[in-house]
Amino acid sequence: MEPTSSAQPMRLAPSILSADFGNLAAAVDLVTPGSDWLHVDVMDGHFVPNLTIGPPVVSSLRDHTDLFFDTHLMITDPARYLEPFRDAGSNGCTVHVEVGQTGALIAQMRDLGLRVGLAANPDTPFEALEPYLDQVDLILCMTVFPGFGGQSFIAEVMPKVRRVREAALAASLSLDVEVDGGIDETTVVDAARSGANVFVAGSAVFGRPHPLESATAILRAAIGATSAYEERS
Ligand code: DX5
Ligand code: ZN
């Protein structure tokens with residue numbers, strides 16, 4: 001199958017969900033040379049059955065690093081927390097289309113000066129995202145059901161990734177297409193060839209003995225997969 005190439009830069013975003021929370025600053029330092037963004041997973045125990053971190057942790061990390069904070073809000077009431085996350089140092093926030101009020105949330109994120117992301121669970125169709133493609137900076141296609149790190153990549157999401165990229169290209173949109181869940185050196189190939197350009201990886205980075213080398217290998221595999229395709233076509 002032909003690749004759906006993207007003019008957007010390829011980016012690796014390690015997810016701190018799989019890092020040592022007792023030693024977060026050191027974990028971030030370790031992967032910084034191989035990271036474009038830092039992915040911050042926020043869970044509220046309602047939208048997903050897990051609890052993670054809030055603005056105070058983002059604020060502490062902000063004092064420590066200049067990395068772009070890609071803040072993934074797996075929460076049912078993002079309107080209440082967007083400003084605290086912006087104030088804590090989040091650069092971009094991504095809300096889930098499943099929580100509703102999407103138009104108002106996009107407007108709120110813009111007003112706050114945040115980079116705007118919209119996420120969809122694996123079983124949420126392309127059509128739920130389509131009305132918002134020209135209003136956001138990033139579409140996140142979840143490649144696992146959100147809530148936990150270390151799950152297996154759901155390849156059935158790739159046709160949706162492809163449709164998002166093709167729609168963005170057709171409309172000349174500079175849209176980042178991000179994938180999150182089960183991304184490693186192998187699965188990233190499928191995601192990159194489908195048109196994704198931002199790759200979140202948690203356990204395949206922080207769960208490995210050499211996180212920086214693993215991060216670099218994942219991004220290299222993504223770039224190699226698409227350039228090899230493009231050279232042949
Ligand atoms: C899942 C989170 C992901 C998770 C990815 O709910 O949104 O960002 O940390 O972890 P891995 O890479 O282990 O699937
Ligand atoms: Zn995430």
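The values are calculated or read from the model by the stated rules, or taken from the named source; none is laboratory data. Owing to the predicted nature of the structure, the values given are computational and were not obtained by experimental measurement. Cβ placement follows ideal geometry from the backbone for every residue including glycine, while neighbour counts extend to all protein chains displayed. Just the protein is used for accessible areas: all its heavy atoms, side chains included, with ligands, DNA and RNA removed. Shrake-Rupley method; radii C 1.70, N 1.55, O 1.52, S 1.80 Å.
A 1.4 Å probe run over the protein chains yields, for region 158-226, 35 Å² of accessible area per residue, whole-number rounding. Placing a label point 7 Å from the Cα of D123 along the Cα-to-Cβ line, the residues of region 145-186 whose backbone N sits under 11 Å from it are 145. Here is the size of the chain from its Cα atoms: Rg then Dmax, 16.3, 49 Å.
Judged by the mean number of other Cβ atoms found within 10 Å, the most tightly packed of the peptides 37-43, 100-106, 211-217 leads the ranking 37-43, 211-217, 100-106.
Simple spin-label estimate for N50 and Q135 gives 2.9 nm between the two label positions (7 Å along the Cα-to-Cβ direction from each Cα). With contributions of -39500 (n - 2.57) from each DSSP H run of at least four residues, the per-residue ellipticity at 222 nm computed over the chain stands at -11000 deg cm²/dmol. In this structure region 65-124 gives 37 Å² per residue of accessible area when probed at 1.4 Å with all protein chains present. Each residue of region 174-182 is assigned a 3J(HN,Hα), and the resulting list reads 7, 9, 7, 10, 10, 10, 8, x, x Hz, derived from the Karplus form 6.51 cos²θ - 1.76 cosθ + 1.60 (θ = phi - 60°), x at Gly and Pro. Near the amide H of R11, within less than 5 Å, lie the amide hydrogens of V198, F199, all on another chain or at least 5 residues away, with H placed in the peptide plane. Computed on region 1-154, with alpha-carbon pairs under 8 angstrom and 6+ residues apart, the relative contact order is 17 percent. Highest mean packing first, where packing is the average number of other Cβ atoms within 10 Å per residue, the peptides 171-180, 85-94, 188-197, 129-138 line up as 188-197, 85-94, 171-180, 129-138. Nonpolar atom fraction for region 130-217, defined as the carbon and sulfur part of the 1.4 Å probe accessible area, stands at 52 percent.
Working ranking of peptides 113-119, 62-68 by packing, defined as the average number of other Cβ atoms within 10 Å per residue, highest first, is 113-119, 62-68. Under 5 Å between amide hydrogens, built in the peptide plane, is the criterion, and for L140 it picks out L118, A119, A120, E178 among residues at least 5 positions away or on other chains. Sequence-distant contacts, meaning Cα pairs under 8 Å at least 6 residues apart, place the relative contact order of region 142-233 at 28 percent.
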